[in-house]
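Q: I'd like to ask you about the structure that follows.
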Amino acid sequence: MGALLQVRVSAGTDPATGERIVLTESVPIENPGSARSERAAERKADKVLTRLQAEADSLKVARTKSTLCTLLDKWLPQHELDETTRMNYESQIRNYIKPALGEVPLALLVRESSPRLEAFYADLRRCRQRCSGRPFVEKHTVEGSHDCRREGCQLHECKPYAASSIRSVHAIISGALTAAVRWGWIPYNPAPAARLPSKKRPKPSPPAAEQMAHIVEAAWHADQWWGLFIWLSAVTGARRGEVVALQWSDIDLDKGMIRLDENYVRGPNGMLIKDPKDHQMRYVSVDTVTVDLIRRHKADCARQLLALGIPLTGACW
């Protein structure tokens with residue numbers, strides 16, 4: 001390595017670690033021993049010194065040596081989330097964010113946020129595994145030396161990550177960087193400057209009335225409970241977890257009203273009851289046919305419980 005002039009500027013103390021931060025940059029001397037080359041290198045070093053001092057004084061760089069991985073590990077445990085959202089965040093951080101950006105220093109992310117984030121999101125939109133684009137075997141059917149084509153080993157197929165999921169990834173990164181600003185790790189949150197993939201408007205295609213009638217009829221022939229579940233899902237428009245979470249105290253048969261205030265979902269430790277996805281309790285009015293079906297179902301439930309010596313109460317599902 002040739003001769004160098006090193007420029008060092010103190011940028012204060014790292015708020016995350018307490019260590020002293022020094023911004024450094026080297027200027028090469030093209031012809032060591034030549035007075036002319038050394039003077040040229042000194043002039044260039046003076047310009048570098050002025051620039052580094054300006055960056056430190058105006059907080060254009062992050063005042064921390066921490067990486068995005070360090071920030072996420074500190075931010076997520078204290079960020080207020082419900083159990084299912086936390087489970088999804090942990091999965092996206094573990095599977096996508098940390099492998100791609102975890103080791104990137106915050107100082108570099110602040111400087112290059114848009115190109116780095118946009119390239120990361122473009123990779124995910126092409127393939128969620130961020131593969132190289134070259135064909136490869138994803139899963140071998142047998143162990144040891146073999147002919148993959150003859151054994152029918154599974155080839156990798158690129159599956160794009162949904163735009164809505166990438167927006168969720170971006171929300172995680174932006175939320176963590178916002179916390180880093182509050183904690184004094186970085187001067188500002190650079191994430192909003194990144195361009196996100198456009199999210200297509202949903203175009204639901206529900207079954208026609210005649211098709212729905214066939215679906216309900218088939219479900220009812222299979223089992224009365226299953227038929228009523230399909231019927232209630234159709235007439236209330238409720239999520240499946242909201243229908244499963246219904247208790248008899250949620251149904252007013254005299255007024256024909258159903259209260260939807262809970263959701264049965266999968267959490268990190270199994271199934272659990274939580275508030276609805278939109279965190280809003282709502283009432284749904286149902287027709288007399290639906291009321292009659294629920295009455296009949298309630299009577300059947302009462303008879304089955306009575307055979308076991310258990311009374312039907314409002315707390316029963």
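The values are calculated or read from the model by the stated rules, or taken from the named source; none is laboratory data. Bear in mind that the values here come from a model prediction, so they are computed numbers and not experimental data. Please note: Cβ atoms are built from the backbone with ideal geometry, for glycine as well, and neighbour counts cover all protein chains shown. Side chains included, ligands, DNA and RNA excluded: accessible areas come from the protein's heavy atoms. Shrake-Rupley method; radii C 1.70, N 1.55, O 1.52, S 1.80 Å.
Q: Might you let me know whether the stretch 28-39 holds any residue that is more than 29 Å from the chain's Cα centre (by Cα) and among the aliphatic types (A, V, I, L, M)? Even if it seems obvious, please write down each step before you answer.
A: Taking the stretch 28-39 first, the residues more than 29 Å from the chain's Cα centre (by Cα) are 28-39.
In the following step, the residues that additionally are among the aliphatic types (A, V, I, L, M) were identified as 29, 35.
Checked against the condition, which is being more than 29 Å from the chain's Cα centre (by Cα) and among the aliphatic types (A, V, I, L, M), the stretch 28-39 yields at least one hit.
Q: Which of the residues that make up the stretch 195-214 are assigned to a loop (DSSP other than H, G, I, E, B) and exposed (fewer than 13 other Cβ atoms within 10 Å of the Cβ)?
A: Of everything in the stretch 195-214, those that are assigned to a loop (DSSP other than H, G, I, E, B) and exposed (fewer than 13 other Cβ atoms within 10 Å of the Cβ) turn out to be ARG195, SER198, LYS199, LYS200, ARG201, PRO202, LYS203, PRO204, SER205, PRO206, PRO207, ALA208.
Q: Run down THR70, THR64 and say which single residue is polar (S, T, N, Q), surrounded by 17 or more Cβ atoms within 10 Å (Cβ to Cβ) and modelled with pLDDT under 85.
A: Just one listed residue meets the conditions, THR64.
Q: Scan the stretch 278-317 residue by residue and report those that are of a type in the set (S, T, N, Q) and within 30 Å of LEU81 (Cβ to Cβ). Explain how you work it out, then say what you get.
A: The first filter runs over the stretch 278-317 and keeps only residues of a type in the set (S, T, N, Q), leaving 280, 285, 288, 290, 304, 313.
The answer is GLN280, and nothing else.
Q: What are the residues in the stretch 280-317 that are part of a loop (DSSP other than H, G, I, E, B) and either free of Cβ contacts under 8 Å to residues at least 40 places away in the same chain or surrounded by 12 or more Cβ atoms within 10 Å (Cβ to Cβ) (or both), if any?
A: Step one: of the stretch 280-317, the residues part of a loop (DSSP other than H, G, I, E, B) are 280-281, 286-287, 308-317.
Within the stretch 280-317, GLN280, MET281, VAL286, LEU308, GLY309, ILE310, PRO311, LEU312, CYS316 qualify.
Q: Looking at the stretch 137-159, which of its residues are surrounded by 10 or more Cβ atoms within 10 Å (Cβ to Cβ) and either outside any loop (DSSP other than H, G, I, E, B) or modelled with pLDDT under 75 (or both)?
A: Those that are surrounded by 10 or more Cβ atoms within 10 Å (Cβ to Cβ) and either outside any loop (DSSP other than H, G, I, E, B) or modelled with pLDDT under 75 (or both): VAL137, GLU138, CYS148, GLU151, GLN154, LEU155.
Q: Something else now. What is the number of the single condition among (1) closer than 30 Å to SER285 by Cα; (2) open to solvent by less than 80 Å² (accessible area, probe 1.4 Å); (3) of a type in the set (Asp, Glu) that GLU217 does not meet?
A: The one condition GLU217 does not meet is (2).
Q: Here is a further query. Restricting the search to the stretch 171-193, which residues are touching a residue at least 24 places away in the same chain (Cβ under 8 Å), assigned to a loop (DSSP other than H, G, I, E, B) and either surrounded by 18 or more Cβ atoms within 10 Å (Cβ to Cβ) or of a type in the set (Phe, Trp, Tyr) (or both)?
A: Scanning the stretch 171-193 gives TRP183, TRP185, ILE186, TYR188, PRO190.
Q: As an exercise: evaluate LEU117 against (1) open to solvent by 50 Å² or more (accessible area, probe 1.4 Å); (2) part of a helix (DSSP H, G or I) and give the number of the one condition it does not meet.
A: The number of the failed condition is (1).
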